[in-house]
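The values are calculated or read from the model by the stated rules, or taken from the named source; none is laboratory data. Being a predicted model, the structure only gives us computed values, none of them experimental. Methodologically, a virtual Cβ is constructed for each residue, glycine included, from the backbone with ideal geometry; neighbour enumeration extends over all protein chains shown. Protein only, heavy atoms only, side chains kept; ligands, DNA and RNA dropped before computing areas. Shrake-Rupley method; radii C 1.70, N 1.55, O 1.52, S 1.80 Å.
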Amino acid sequence: MTHDHDLVLRPTAAQTQAALNPPPGRTGGDLVVESLAGLGATTVFGLPGQHALGVFDALRRSDLRYIGLRVENNAGFAADAYGRITGEAAPLLLSTGPGALTSLAALQEARAASAPVLAISSQVPAAGLGGGRHGYLHELPDQAASFRGVVKSVHTARTQSQIPSAIAEAWTSALTVPHGPVWVEIPQDVLLAETSVPVVSGGDTFPEELPPRPELTAVAADLLTRAERPAIVAGGGVVRADAAKKLRQLAERLQAPVVTTYGGKGAFPWTHPLSLQSWLEDRHTTDFLEDADVLLVVGSGLGELSSNYHTFKPRGRVIQIEADLGKLESNHPALGIHADARLALQALLETVETVGERRTDPTVPERVREVLDKVRARITSQGLTLEQDVLAAVRKALPPRAPSFWDMTILAYWAWSAFDAKAPNTMHSAQGAGGLGYAFPAALGAAAADPTHPVLAVSGDGGALYSVAELATARQYDLNVTWLIVDDGGYGILRAYMTDAFGTPTATATDLPGPDFAALAESFGVPGVRTSPKTLETDLAKALAAPGPSVVVLPAVLRSFAPTHRGSG
């Protein structure tokens, strides 16, 4: 009798021959790149450093494509975007100490956004591990401790034979829902020493799926079927699970209006009769959701931004589907279903169908239109024509399937609520962790992942100054990214926040005498142009249509629309 646990994958004759006769001159660094290739990686991001040179030397002997950025944090943002676009674990190669630590903000964003990033860092020589103070260059008492509170999991390979399994284990962790960044560190001497470990010939891993518990979906389906005023909040988990079609099917079957979170942009068609779009920072939307007798929340933790800054107080039953166990019922009591959004929505579709079709209610689209009309009237009353015209120009210039990446800037805050993403997984921002400098390096990672579409990055001048070094990267690899920089001479959103809170900003902190960004781009060999609100659509469309990188600079002072969570608007 053969049992499943007795089955093993037997090596082929070619694999056996390669194992018995490995090529000479291989090191621990070769084991790293062989492991990555065996797992299916094709592109890696990073920045070399003295302790990591064993890996970078091995790259010369591999077929992996290397995209080298100028700052480790930017390399992390590029890997983050590559993971979001492809759904694959994006390798990020880093060096010890300062190089590793510089990536922390990017890894925090990847964790918040559930982007699969496989960070591999060197370490001090193995003799220096264990917390002693040996005086090695870049030495930290416990480097991994700096990452444990940021990434999903930490893995250390102290010997060469541990490298393939440590990387495979980390890869599986990164791709197990919820996706996220993981950390692997390997001592310098282990990477540099010649190895007798056979060539890594494979590394298939099978991340476990996360199906819903059937008794929970049965209760959820019953609640939704009997609901008189169901509504749905669709978060980033719907996008990451590629579950937009299932969401639409369920919403139409239930006649349930859908609002997408900022991380869930594109999860539901913007102009659909049931679409409440993404106006979460608006009391009219909040009131509508509070009035739902059953609210289905899919792939969202209903955090600060998704709950109108925690002013949302649901009165009906809440059903929450969430792959991140820590987010389940973290903000509101609910029927919590710990599951992947795609699998849970499929289970609901099957179960709701067996209970019976809902009677179509023609008043539901009318109620949706009423909410959107109220939102539109509120925004119109604030006299923000310039901001709406600029955002509309960006939407018209950007091809429907082209991805866009947005920094923490006023135009992005508008886009969160008012921008039609057109399709799932095409609009991304740093609103998970909220750090500056995300848009341009992330767009470079997306362009590396899919060169068939132009990619748009949108930054303010403050955020752009975090990333200008990557103009060299864009030119070096001829990546098809257009960078729109809205130059208002400072940290515009912080200037507005300080004015609201204190009556006046601290100008020395919020005002930024900056460069001529168009001329700066030209100095890197990247075409740069200054535009105006009237010519923005034409200039941006032209830049997006041209191959390779480009920069479009819009000098403009934009204002945010008044929020409702502080009693204004």
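The table below gives the values:
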{"read-out": "Helices (runs of 4 or more DSSP H) wholly inside region 66-143 containing at least 1 residues that are within 13 Å of the chain's Cα centre (by Cα) and buried (at least 24 other Cβ atoms within 10 Å of the Cβ)", "value": "72-86, 104-113"}
{"read-out": "Meets criteria (open to solvent by 30 Å² or more (accessible area, probe 1.4 Å), over 26 Å from the mean Cα position of the chain (by Cα) and closer than 25 Å to Pro48 by Cβ) for Ala193", "value": "yes"}
{"read-out": "Failed criterion for Val44 (all others in (1) of a type in the set (Val, Ile, Thr); (2) out of contact with any Phe, Trp or Tyr (no Cβ under 9 Å at 6 or more places or on another chain); (3) open to solvent by less than 50 Å² (accessible area, probe 1.4 Å) hold)", "value": "(2)"}
{"read-out": "Top-ranked residue in region 350-359 [being surrounded by 17 or more Cβ atoms within 10 Å (Cβ to Cβ) and assigned to a helix (DSSP H, G or I); ranked as modelled with the highest pLDDT]", "value": "Thr351"}
{"read-out": "Some residue of region 406-416 being among the small types (Gly, Ala, Ser) and in contact (Cβ under 8 Å) with a residue 24 or more places away in the chain", "value": "yes"}
{"read-out": "Positions within region 144-158 being in a loop (DSSP other than H, G, I, E, B) and within 22 Å of the chain's Cα centre (by Cα), in sequence order", "value": "Gly149, Val150, Val151, Lys152"}
{"read-out": "Matching residues in region 201-223 - criterion: being among the aliphatic types (A, V, I, L, M) and open to solvent by less than 30 Å² (accessible area, probe 1.4 Å)", "value": "Ala220, Ala221, Leu223"}
{"read-out": "Cross-chain or 6+ apart pairs with Cβ under 9 Å, region 308-327 first and more than 25 Å from Leu343 (Cβ to Cβ), then surrounded by fewer than 21 Cβ atoms within 10 Å (Cβ to Cβ) and modelled with pLDDT of 95 or more", "value": "Phe312/Glu290; Lys313/Glu290; Arg315/Glu290; Arg315/Asp291; Arg315/Asp293"}
{"read-out": "Of all residues in region 490-514 being part of a loop (DSSP other than H, G, I, E, B) and in contact (Cβ under 8 Å) with a residue 40 or more places away in the chain, the one that is least open to solvent (accessible area, probe 1.4 Å)", "value": "Leu512"}
{"read-out": "Matching residues in region 158-179 - criterion: being in contact with a Pro (Cβ under 8 Å, 6 or more places away or on another chain) and among the hydrophobic types (A, V, I, L, M, F, W, C)", "value": "Ala174, Leu175, Val177"}
{"read-out": "Some residue of region 178-186 being among the acidic types (Asp, Glu), crowded, with 19+ Cβ neighbours inside 10 Å and either in contact with a Phe, Trp or Tyr (Cβ under 9 Å, 6 or more places away or on another chain) or assigned to a loop (DSSP other than H, G, I, E, B) (or both)", "value": "yes"}
{"read-out": "Exclusive hit being open to solvent by less than 50 Å² (accessible area, probe 1.4 Å) and within 22 Å of Ala112 (Cα to Cα), set Ala518, Ala446", "value": "Ala446"}
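Every residue, every condition in (1) in contact with a Leu (Cβ under 7 Å, 6 or more places away or on another chain); (2) hydroxyl-bearing (Ser, Thr, Tyr), yes or no:
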position: Ser173; (1), (2): no, yes
position: Trp183; (1), (2): no, no
position: Pro187; (1), (2): yes, no
position: Pro198; (1), (2): no, no
position: Asp204; (1), (2): no, no
position: Leu216; (1), (2): yes, no
position: Arg226; (1), (2): no, no
position: Ile232; (1), (2): yes, no
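Conditions tested, residue by residue: (1) within 27 Å of the chain's Cα centre (by Cα); (2) of a type in the set (A, V, I, L, M).
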site: Asp450; (1), (2): yes, no
site: Ala457; (1), (2): yes, yes
site: Ala474; (1), (2): yes, yes
site: Gly503; (1), (2): no, no
